[in-house]
Amino acid sequence: MTKEEVVHDVFLSDNFPTVVIGISVFVGLFLVTLLVFKLLGIRFHINSRHLQIGESEKERAILRQQSEWAHAYCASLEYKIPKDETYNGYVTKFILERAYDEIVTWIMFNHLTLDGDYIKVKQQRMRMLIDQLALKDMYRTDEFHKFLDDGVRDVVENLIHIREVYGKKS
């Protein structure tokens, strides 16, 4: 059978009008229910692993707070990073901006967790980024990597804390 014949058979089958009416009634009742909820001021929120419906302002506020905190944190690191006599502030700012971009990616995907393996992956990702961009060997030492790992753990913990705090506010 060709596509045209299949489509012709489906549209002319005995069940087609019943199925179309059933689906239309279901969609209509769903829309009427949503309208009634809206008119009554009932707020609802559906949150699953891949779907989130409702309270978009609340979610935007959480993301805004997380990104503002991450930006302030990255800016504060400029004064904590070890420097030598050939220190170049512009390179450091560039690297910190790239680190901030990486953190914003974590925020956008919103899968933050305190699981040790998750934090280890984020630490490795940040190490690779810094190793790729840093020009000096002093930023590839174990001491600096510990500084970096502690910073990444601190970032993840604070981003989760911000979500918890702003998630509770209505």
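All of the numbers you see were taken from the coordinates with simple rules; none came from a lab. Predicted model, so just to flag it, every value in this text is computed and none were measured. Every residue, glycine among them, receives a Cβ derived from its backbone with ideal geometry; neighbour counts consider all protein chains shown.
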Ordered by fewest other Cβ atoms within 10 Å, a rough proxy for footprinting exposure, 59, 68 read 68, 59
How much length is gained on full extension from residue 32 to residue 168, taking 0.36 nm per residue of separation minus their Cα-Cα distance?
46.0 nm
Using only alpha carbon pairs under 8 Å that are at least six residues apart, calculate the relative contact order of the chain and give it in whole percent.
22 percent
Taking 146, 136 and counting other C-beta atoms within 10 Å, the order from fewest to most:
146, 136
Taking a quarter of the surface of the Cα convex hull of the chain, what do you get in nm²?
17.3 nm²
How long, wide and thick is segment 98-161, going by the Cα atoms along their three principal axes, in whole angstroms, largest first?
33, 20, 16
Distance violations [Cα-Cα > 30 Å] among 58/146; 80/122; 58/83; 146/168:
58/146; 58/83; 146/168
Quick one: what are the phi-derived ³J(HN,Hα) couplings along segment 3-17, Karplus 6.51/-1.76/1.60 with θ = phi - 60°, whole Hz, x for glycine and proline?
4, 4, 5, 5, 4, 4, 5, 5, 5, 9, 6, 5, 7, 4, x
